[in-house]
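The values are calculated or read from the model by the stated rules, or taken from the named source; none is laboratory data. What you see is a predicted model, and the numbers here were worked out from it, not measured in a lab. Heads up, the Cβs are rebuilt from the backbone with ideal geometry, glycines too, and the neighbour counts pull from every protein chain shown. Note: areas computed on protein heavy atoms with side chains; ligands, DNA, RNA excluded. Shrake-Rupley method; radii C 1.70, N 1.55, O 1.52, S 1.80 Å.
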Amino acid sequence: MSDAAIPPALGPDDLGPDTSPVAYEVGGPEGAVAYVTLNRPEYRNAQNSVMTYSLDAAFRKAVEDTTVKVIVLRANGKHFSAGHDIGTPERDFDTYYENAAVLHWDHTDKTGADQRLAREMEVYMGMCRRWRDIPKPLIAQVHGACIAGGLMLAWICDFIVASDDAFFSDPVARMGIPGVEYFAHAYALGTRRAKEILFTGERFTATQAAHWGMVNHVVPRDGLETKVNEIVEKAVSMPMQGLFLSKKAVNICEDQMGLRNSMDSVFGWHHFAHSANAEASGGDSLGGMDAKSMKASAGSGS
């Protein structure tokens with residue numbers, strides 16, 4: 001572990017337009033849009049726990065602000081998100097944070113499989129499910145790399161608008177693990193495309209993602225913000241009750257098609273894989289992969 005100081009997670013009152021690792025500002029028509037920005041560009045917006053809990057604070061702030069009707073999730077720097085933090089100096093998997101998504105014991109005084117399961121139930125699976133149920137429309141504005149855990153952030157959004165330089169990948173099968181924790185692959189991509197991207201670990205383009213139904217719109221990079229704002233303007237003209245109930249209705253349908261139960265099942269296999277890796281290697285639950293090798297496996301792009 002690095003000796004680097006781990007900054008505290010931001011609370012709702014700490015957030016601002018330039019704060020790191022998450023920035024927050026309100027704008028758009030009549031101040032009805034909350035812009036939540038991943039702001040850890042020096043690490044390609046890799047998600048440590050500080051970012052996760054800061055994101056949660058930003059979403060809570062947007063939900064509790066009665067003026068805000070729509071939330072846009074975007075990112076600073078060259079890339080949307082390189083996924084979960086598995087190698088920066090601020091990796092904080094053993095740092096205590098009060099649980100916000102699940103009622104479960106603290107992971108920091110546990111070891112092995114118990115530690116991994118307790119943390120990932122909260123920070124990965126629990127947080128993503130919590131955010132998917134945000135009662136306001138949530139739009140992902142994606143550019144550059146959206147890798148592994150980055151897909152999880154995009155998939156919890158109600159829809160995705162991507163720039164033509166965006167690319168996506170879930171190379172986690174290279175770790176011997178069946179994809180990222182929030183396993184929405186079959187629902188976001190369809191079963192055969194899901195298998196293809198998992199079996200090969202190859203990245204796919206925004207245009208491909210749109211063709212497969214995962215992305216709503218693909219636009220030139222310099223027109224990305226404009227496109228998102230055009231959609232936002234239409235959404236904020238709708239009554240809040242209509243937006244909330246429409247979102248709830250579609251999410252219910254997705255759950256009736258098995259999303260939540262399937263995710264629970266795959267999450268168990270995910271942790272079997274972690275434990276099998278650790279047992280085979282004397283403790284390495286990632287199957288010998290690290291941040292450098294995962295970046296290389298995602299293809300080019302710095």
Inset, instruction - Any chance you could look up the accessible area of Val36 with a 1.4 Å probe, heavy atoms only, rounded to 10 Å²? - result: 0 Å²
Inset, instruction - Quick one: check the C-alpha center-to-center distance for segment 113-130 versus segment 206-273, whole angstrom. - result: 21 Å
Legend entry - Signed unit charges on C-beta, dipole axis of the chain, positive-most listed residue Gly83, Pro7, Ser262: Ser262
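I need the calculated FRET efficiency for the pair Ala280 and Glu30, taking r as the beta carbon distance and R₀ as 45 Å, to the nearest 0.05.
FRET efficiency, Ala280 to Glu30: 0.20.
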Legend entry - Carbon plus sulfur fraction of accessible area for segment 1-151, probe 1.4 Å, in percent: 51 percent
Legend entry - the chain - accessible surface per residue (Å², probe 1.4 Å): 45 Å²
Inset, instruction - Go through Cys253, Cys157 and list them by solvent-accessible area, largest first, probe radius 1.4 Å. - result: Cys253, Cys157
Legend entry - Accessible area of Met238 in the full protein assembly, 1.4 Å probe (Å², nearest 10): 100 Å²
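Could you order the peptides 215-224, 137-146 from most to least packed, using the average number of other C-beta atoms within 10 Å per residue?
Result, highest mean Cβ count within 10 Å first: 137-146, 215-224.
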Inset, instruction - Enter the angle in degrees (range 0 to 90, nearest 10) between the Cα long axis of helix 191-200 and the first principal axis of the Cα atoms of the chain, meaning the one along which they spread out most. - result: 50 degrees
Inset, instruction - Quick one: order Arg132, Arg192, Arg174 from most to least accessible surface, probe 1.4 Å. - result: Arg192, Arg174, Arg132
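Given the C-alpha atoms of segment 103-151, compute the convex hull and give its volume per residue in Å³.
Once divided by residue count, the hull of segment 103-151 is 90 Å³.
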Legend entry - Extension gain, Ala100 back to Ala296 (0.36 nm per residue minus Cα-Cα distance, nm): 67.2 nm
Inset, instruction - Read through the labelled values (i) 57, 42, 39; (ii) 76, 42, 41; (iii) 96, 73, 42 and report the label of the one computed as Cα extents along the principal axes in Å from the structure. - result: (i)
Legend entry - Accessible-area order (highest first, 1.4 angstrom probe) of the listed residues Glu64, Glu90: Glu64, Glu90
Legend entry - For the chain, calculated [θ]222 nm from helices alone, where every DSSP H run of n ≥ 4 adds -39500 (n - 2.57): -12000 deg cm²/dmol
Inset, instruction - Can you send over the solvent-accessible area of Thr19, 1.4 Å probe, protein chains only, in Å² to the nearest 10? - result: 30 Å²
Inset, instruction - Using Cα pairs closer than 8 Å and at least 6 residues apart in sequence, work out the relative contact order for the chain, in percent. - result: 16 percent
Legend entry - Between 0 and 90°, nearest 10: helix 49-64 axis offset from the chain longest Cα axis: 30 degrees
